[in-house]
Amino acid sequence: MSLLQHIDRPSDIKALTFPELSTLAREIREELLKTISALGGHLASSLGAVELCLALHYVFEAPDDRLVWDMGYQAFAHKLITGRRDRFHTLKQLGGLSGFNNKDEGPHDLFTTGHGGTVLSTALGLAMADDQLKGSRHVVAIIGDASLGEGMALEALNHIGHLKPNLLVILNDNKMSIAPPVGGLSRYLNRLITNPIYNRLRLDLEQLVKRLPHGTSLVRMGRKVEESIKGFLVPGLVFEELGFRYLGPIDGHNLRELITMLKNVKRLKGPILLHISTVKGKGYRFAEEDPERFHKIEPFDLATGQLKARPARGSGPGARGRGGTTFSEAFSDELIRLGEIHRRLVAITAAMPEGTGVSAFAARFPHRCLDVGMAEQHALGIAAGLARGGARPVVAIYSTFLQRAYDQIMHELCLQELPVILAIDRAGLVGEDGPTHHGLFDIAYLRVLPSLMLVSPKDPAELRAMLQWAIEQARPVAIRYPRGGIVCGEPLGRPSRVVAGKSEPLRSGKDLALLALGSMVYPALDAAERLAREGLDAMVVNARFVKPLDLDMVRQAAQVGCVVTLEEAQVAGGFGSAVSEAFEALEVSGPAHLRIGLPDGFVEHGKRSELLERCRLDPESLTQRIARWSHATRPSADLRLVAEPSA
Ligand SMILES: Cc1ncc(C[n+]2csc(CCOP(=O)(O)OP(=O)(O)O)c2C)c(N)n1
């Protein structure tokens, strides 16, 4: 029987010897590889953080002590030794364990997280709360080198240095973001790792000098001299100047060194930054050789490291959808095509070149592609500057991460009326990454902003057409599209020309008007066919524009009398709300209106197709909902009632 099978709680590892801990680390890696090669998911970062997880739980008394992980996909070893081992095979599956930290999985995860750079602020809050309650908990925040560059993390660093709480920050430096890291901070961290000798030398020298008469003032003087040459040789000084005590770098795979260091650090007061160096993908050759590919991977063959199925660019497991092409692929190809025509087009990504499909553009036009790192706010800011300066920026970003840059959209783009294109990928239900990653709020938060135009394509071909249209506009344009491809039906072929504020009628009908947005167009067409079999004649419109809304379409729909709006987004404030507001503005009286979308609440994780069904956005559920509603709304009509299934 393996050691891992005996670990039900963190206290079970405390009696283990160093050789046993090493064996446990190996077994954990085997478990990670077995599970993730079968299911797909985040892998390389967790492989690199196994010893860190063990050492932390060995030294600290979680959950009394607070171990708080940024995001959490790198802490699967933490899941395995905190009572979740038996459910690990359900990772990211519907009803199973989350692929991130999750507050509902027990006391060891304090927050449900998935967005990077948040942990320093929340850990600071925990430390301050403990201080107020006169507690004695240790608070440890674990953050990756790329996430440290997030605006929120830098704001927290600044504040921690000011407040000087008892807080241990562990910088888990694997020298990688998803892709290679970006920027001066990562260069600086790299220098710290490659020049550790100087750091040791400095501390030894300080101890020696302090023993001399007037030694302390000599040390102070020495530090001043150091400051004047800090650009060269002073590791950790940036953190020290911010108010931290900087320690490290140490080898994050050497359990003995890690545990000894953590035991020592545990006794220290004030903010400490412990810099540890780890290898992303540690212990699995293919992941060490190509950590970017193994950051998050589809199911693969353990022996060869090759995927079991054909990969979809910019998509996760099983995301290709029907019709072969994904939205991300169409975006990627069209961006290059437009880049050939528009020499001022600049593509921007915030640390997601592969996921957003920008990497092919970067390979073709290296000087016209900017990876700004994990810095969504900055991505929008730089886009504004570029646009004002005459370039044509396209910011490729996931819906969920765009939330980070909301004020920049208002203040830097919309208020300035700048022609920036926001290519918003993963808008809608994203699947296995769950509530932190679903892109369900963008319509509500974007459509209230003046000067912005907001569109959504029904399929990848229409996304291309919308990009071609958007590049000609003199105002900000946001294009939202989902993960993967179309979810049902066959692609309709070449889309009609995109015209500002104009929808695309797809099917005529006299009983109902189905106004569908983006990913809901094909399910609406499918539902219309099914409704016809129920005796309901439904008109279907591909709305295309949330803003400016096609008012002719709204008027025409109102005349039908029964209007159903369909969107893969939160209903509150969404496309349906826009249509409803338009009825009021147009003073059209009395159309019955059913708004279909996501209700108020967070949606769990699971396959995209499963979630669409669970949220009753698949064609069959849509048909039932619409028929039932229509029957209730138009009691005189000769309709067969379709029973509503229990939700
Ligand atoms: C705010 C935000 N932006 C982007 C992402 C997408 N993302 C997930 S992991 C990651 C890289 C993180 O690198 P690092 O912090 O160094 O951690 P590592 O995986 O290397 O341990 C990125 C960009 C995110 N989760 N959150």
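Checking the a/c ratio against 1.5 first, then a/b against b/c, what shape does the Cα gyration tensor give for the chain?
Details: a/c = 2.26, a/b = 1.75, b/c = 1.29.
Here the chain falls in the prolate category.
For Arg66, enumerate residues with amide H under 5 Å from its amide H, sequence gap 5+ or separate chain, H modeled in the peptide plane.
His138, Val139, Val140
In nanometres, what is the gap between the two model label sites at Lys14 and Arg634, each 7 Å from Cα along Cα-to-Cβ?
6.9
List the extent of the Cα atoms of the range 60-134 along each of their three principal axes, largest first, rounded to whole Å.
If we take the Cα atoms of the range 60-134, the spans are 40, 25, 18 Å.
Mind pulling the angle between the C-alpha long axis of helix 215-228 and the longest principal axis of the chain? Nearest 10 degrees, somewhere in 0 to 90.
Its long axis makes an angle of about 40 degrees.
Tell me, what is the percent relative contact order of the range 62-170, built from C-alpha pairs under 8 Å that lie six or more residues apart? Intermediate values should be presented prior to the final figure.
Numbers: 159 pairs, mean separation 33.7, N = 109.
Across the range 62-170, relative contact order equals 31 percent.
So which lysines can Lys92 reach, going by Cα to Cα under 28 Å and dropping same-chain residues fewer than 8 places off?
Lys34, Lys79, Lys103, Lys175, Lys280, Lys282, Lys296, Lys308, Lys458, Lys607
For helix 50-59, what angle does its Cα long axis make with the longest principal axis of the chain, in degrees from 0 to 90 and rounded to 10?
60
Given H placed 1.01 Å from N in the peptide plane, which residues other than close sequence neighbours of Leu454 have an amide H under 5 Å from its amide H?
Counting only residues 5 or more places away or on other chains, the set is Ala478, Val546, Lys547.
What is the order of Met1, Met176, fewest Cβ neighbours within 10 Å to most? If you can, show how the numbers build up before the last one.
Numbers: Met1 5, Met176 22.
Lowest to highest Cβ neighbour count: Met1, Met176.
Using the Karplus curve 6.51 cos²θ - 1.76 cosθ + 1.60 with θ = phi - 60°, what ³J(HN,Hα) values do you get for each residue of the range 557-569, in whole Hz, with x for Gly and Pro?
5, 4, 5, 5, x, 10, 10, 10, 9, 10, 8, 9, 6
What ranking do Tyr522, Tyr246, Tyr406 get, fewest neighbouring Cβ atoms within 10 angstrom at the top? Don't jump to the answer; show the numbers that get you there.
On the way: Tyr522 27, Tyr246 23, Tyr406 17.
Fewest-to-most ranking of Tyr522, Tyr246, Tyr406: Tyr406, Tyr246, Tyr522.
Relative to the present Cα-Cα distance, how much length would full extension add between Thr260 and Leu163 at 0.36 nm per residue of separation? Before the final figure, lay out the partial values.
Details: separation 97, 0.36 × 97 = 34.92 nm, distance 2.73 nm.
In short, 32.2 nm is gained.
Residue by residue, what Karplus-based ³J(HN,Hα) values in Hz, rounded to whole numbers, does the range 121-136 have, using 6.51, -1.76 and 1.60 with θ = phi - 60° and x for Gly and Pro?
5, 5, 5, 4, x, 4, 5, 5, 4, 4, 4, 4, 7, 6, x, 9
In Å and on Cα atoms, what radius of gyration and Dmax does the range 379-422 show?
In Å, with Rg to one decimal and Dmax whole: 9.5, 28.
Express the relative contact order of the chain as a whole percentage, based on alpha carbon pairs under 8 Å and six or more residues apart in sequence. If you can, show how the numbers build up before the last one.
Details: 1318 pairs, mean separation 71.9, N = 647.
Once normalised by length, the contact order is 11 percent.
About its Cα centre, what dipole magnitude does the range 395-469 give when the only charges are +1 on Lys and Arg Cβ and -1 on Asp and Glu Cβ, stated in debye to the nearest 20? Mind showing how you got there, number by number?
Working: 5 positive and 9 negative charges, 22 e Å.
The calculation lands at about 100 debye.
As a footprinting exposure proxy, order Val358, Val395, Val487 by other Cβ within 10 Å, with the fewest listed first. Walk me through the numbers on the way to the answer.
Working: Val358 29, Val395 32, Val487 23.
Going from sparsest to densest Cβ surroundings: Val487, Val358, Val395.
Show that you can apply the helix-only estimate: for the chain, add -39,500 (n - 2.57) for every DSSP H stretch of four or more residues, divide by all residues, and state [θ] at 222 nm to the nearest 500.
Values: 25 runs with 251 residues, N = 647.
Rounded to the nearest 500, it is -11500 deg cm²/dmol.
Would you mind checking which residues have amide H under 5 Å from Gly72's amide H? H placed 1.01 Å from N; only 5 or more apart, or other chain.
Residues meeting the amide H criterion: Asn101.
Read the figures in this text as sums done on the coordinates, not as results from a lab. Remember, it's a predicted structure, so these values are computed and weren't measured experimentally. No Cβ is skipped: glycine too gets one built from the backbone with ideal geometry, and neighbour counts run over all protein chains shown.
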